[in-house]
Amino acid sequence: LFRSSIGLPNGRSYQFTYNTNGYLDRLTFPSGAYIRYTYIDYDYPYAPDPIGWFVASRIVSADGTAGAEKTWTYSYPQTTEGPGNVITTVTDPTGARTVHFVGNSGSDVRTEYRSSSDEILKVVTPSYGGSGNALLGTVISAQATWLGGFESSKALTYDSHNKDRKSTRLNSSH
């Protein structure tokens, strides 16, 4: 069973509805604003087992009306090219895209931020350290390169509660 609402002390509430597969269909905020999701049944051809349902779109209405809806679409191209085994592309309402290349571990190995004209604005390449599946003591670093050649690096270290306890800027250059 899924929670259909969470009440607040002021009498207002968050409302949740689910589709027939049990996936979140709509989240309505106390203000009336909402987020809706649509899904596709996707069997990624390079996976050993069927993967299941993926988000196809995220529709946001800031004021709770259909006229105010903005849509983000998600696509999962069938390719093994590039730095990751799986690619997820998110297109925002302006046509700009974020392309996630995901490796065997399920973690991003590269993220590209592209303009609506497909120009690469920024590339982030993370690296992961630590042991096992826990983030305890894990150092995650990322190298970012922006349009125009500006580069920066940052390292994050996590505590036993998976909270970022140390954030260190490693370098920045142009």
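Projected label points at Ala56 and Arg3, each 7 Å from Cα along the beta carbon direction, are separated by 2.9 nanometres. What's the extension gain from Lys122 to Thr145 if we count 0.36 nm per residue and subtract their Cα-Cα distance? Working it through step by step, the gained length comes to 7.7 nm.
Shown in residue order for segment 26-31 are the 3J(HN,Hα) couplings computed by the Karplus curve 6.51 cos²θ - 1.76 cosθ + 1.60 at θ = phi - 60°: 7, 10, 10, 7, x, 6 Hz (x for Gly and Pro). For segment 5-20, 3J(HN,Hα) computed residue by residue from phi via the Karplus equation (6.51, -1.76, 1.60; θ = phi - 60°) reads 7, 10, x, 10, x, 7, x, 7, 8, 8, 10, 10, 10, 10, 7, 5 Hz, glycine and proline entered as x.
Read the figures in this text as sums done on the coordinates, not as results from a lab. Here the structure is a predicted model, which means the values were calculated and not measured. Glycine also receives a Cβ, built like all others from the backbone with ideal geometry; neighbour counts cover every protein chain displayed.
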